[in-house]
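For reference, the structure discussed in these notes is given below.
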Amino acid sequence: MTMDFSWRDVAALWGAGLSTWLAIVRSLPPRPRFYIEASNQAGADLIIRVVNPSKRTRLVKVLCRLRSLGTEPTLGVYIDPSEAQEPLRVAIKSEAEATITVNCLINRDRAGQKNYWLVIFGWQGSWAVPWLWVPVPVFVSTPRANRLKAAK
């Protein structure tokens with residue numbers, strides 16, 4: 001027994017799959033958005049602006065920091081550079097934003113050395129699964145920090 005598929009069958013399957021995917025995506029709550037900007041503060045290289053577009057408060061924290069390339073083992077991620085808080089957690093109210101300061105230690109980097117990190121933030125506050133930390137990866141590097149500072 002063989003099944004012959006016509007283009008109409010394939011189009012019907014594609015449309016059913018696409019409409020199901022769109023319905024699922026629309027029913028999920030909006031996630032916080034992460035924007036990387038150059039910092040004006042002393043002792044800070046980058047600022048990560050976290051914008052909460054939803055009507056509910058979101059809790060954001062650093063799940064882990066992974067060094068992908070380079071020799072610099074540390075990456076500072078703070079809410080306030082004068083207070084190094086571990087673990088970093090910040091509550092963002094509805095339709096508000098918070099800033100997170102990142103110190104890549106550019107001044108200690110040797111000339112031409114490039115360091116890259118992957119900072120995985122997690123956000124919580126979904127009505128669907130309120131206890132689950134949803135991961136959001138943010139790529140941070142010393143070349144990117146230098147480019148953003150030079151452009152400012």
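Bear in mind that the values in this text are calculations on the coordinates, not laboratory data. Because the structure is predicted, anything quoted here is derived from the model rather than measured. Counting neighbours? That spans all protein chains shown, and the Cβs are built from the backbone with ideal geometry, glycine included.
Peptides 132-144, 5-17, ordered by how many other C-beta atoms sit within 10 Å of their residues on average, highest first, read 132-144, 5-17. Taking every alpha-carbon pair in segment 1-69 and binning the separations at 10 Å intervals from zero gives 14, 23, 23, 17, 14, 7, 2, 0 percent.
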